[in-house]
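Shown below is the structure under consideration.
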Amino acid sequence: MKAIIIMSLLLQCAVAFAVGKSISIDVNLSPAGSFQINSKRIKGKALLHGAKFSAANIKIPIKSLKTGIDLRDGHLQKKLGIASDKKAVLLLIKATGENGKGNALFKVLGKEQTAPFTYKRISEKMVSATFNLSLKKFGIKGINYMGVGVEDIVSVKILCPLKIAKK
């Protein structure tokens, strides 16, 4: 029994140290299927001041988004404006919250969208936030290949560096 408890604690410690900044976006397909978009290039930090959470100007470069298939990566990056702006980003303009919940304002392709989110401090220097976004609200629609289309709502999870405010 002691061995199981020790192994469990070691595994939890290893996970805490292995976690780095990242974003993963779950995309559901219709009529069936899904894929994930990932990036480890997050520019910016979140701030925790007591129970209050805030973040602003968090950027993820479009060119860093990967799906695991080069052709799909190219289509994704084109849909997100890389052809007209080589430095295009997914932008979290502002997020505020308290006690694990909040609201955020995002900007993609020049269009803004607000979304509720949940967050959790996962280590001294990292926070995890999850939220759902509508592709249509950013003007992204009509994604279809051979009868398989992308659903409107995507689920996003971001692991972001965290700074603790001094009291």
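Placing unit charges on C-beta atoms (Lys and Arg positive, Asp and Glu negative, everything else neutral), compute the dipole magnitude of segment 21-164 about its Cα centre in debye, rounded to 20. Before the final figure, lay out the partial values.
Numbers: 26 positive and 9 negative charges, 116 e Å.
With Lys and Arg at +1 and Asp and Glu at -1, about 560 debye.
Hey, which aspartates and glutamates would be in cross-link range of Lys21, C-alpha to C-alpha under 19 Å, not counting anything within fewer than 8 residues on its own chain?
Reachable aspartates and glutamates: Glu124.
Describe numerically, in nm with one decimal, the distance between label points set 7 Å from Cα along Cα→Cβ at Lys111 and at Lys125.
Label at Lys111, label at Lys125, 3.8 nm between them.
Angle, helix 2-18 long axis vs. longest principal axis of the chain, Cα atoms, 0 to 90°, nearest 10?
50 degrees
Please build a GNM for the chain, connecting alpha carbons under 10 Å apart, and tell me which residue among Asn132, Asn28, Asn99 fluctuates the most.
Its mean-square fluctuation being the largest, the pick is Asn99.
For the chain, modelled as a Gaussian network with Cα springs under 10 Å, which listed residue fluctuates most, Ser123, Ser24, Ser39?
Ser123
I would also like to ask the following. Mind sorting out which of [x] 1.02; [y] 1.12; [z] 1.06 is the real Rg/Rh (Cα atoms, Kirkwood Rh) computed from the coordinates?
Identified label for the calculated read-out: [x].
If you line up the long axis of helix 70-79 against the longest principal axis of the chain, both from Cα atoms, how many degrees apart are they, to the nearest 10?
80 degrees
Turning to a different aspect of this structure: Determine the percent antiparallel among the DSSP beta bridges restricted to segment 21-164, to the nearest 5.
Values: 60 of 63 bridges.
The antiparallel fraction comes to roughly 95 percent.
Tell me what the chain gives for mean residue ellipticity at 222 nm when only DSSP H runs of n ≥ 4 count, each as -39,500 (n - 2.57), the sum divided by the residue total, rounded to 500 deg cm²/dmol. Intermediate values should be presented prior to the final figure.
Details: 2 runs with 27 residues, N = 167.
One gets -5000 deg cm²/dmol as the mean residue ellipticity at 222 nm.
Springs between alpha-carbon atoms under 10 Å, Gaussian network over the chain: tell me which of Gly147, Gly102, Gly139 tops the mean-square fluctuations.
Gly147
Read the figures in this text as sums done on the coordinates, not as results from a lab. Note that this is a predicted model, so its numbers are computed, not measured. Note that we place each Cβ from the backbone using ideal geometry, even for glycine, and neighbour counts take in every protein chain shown.
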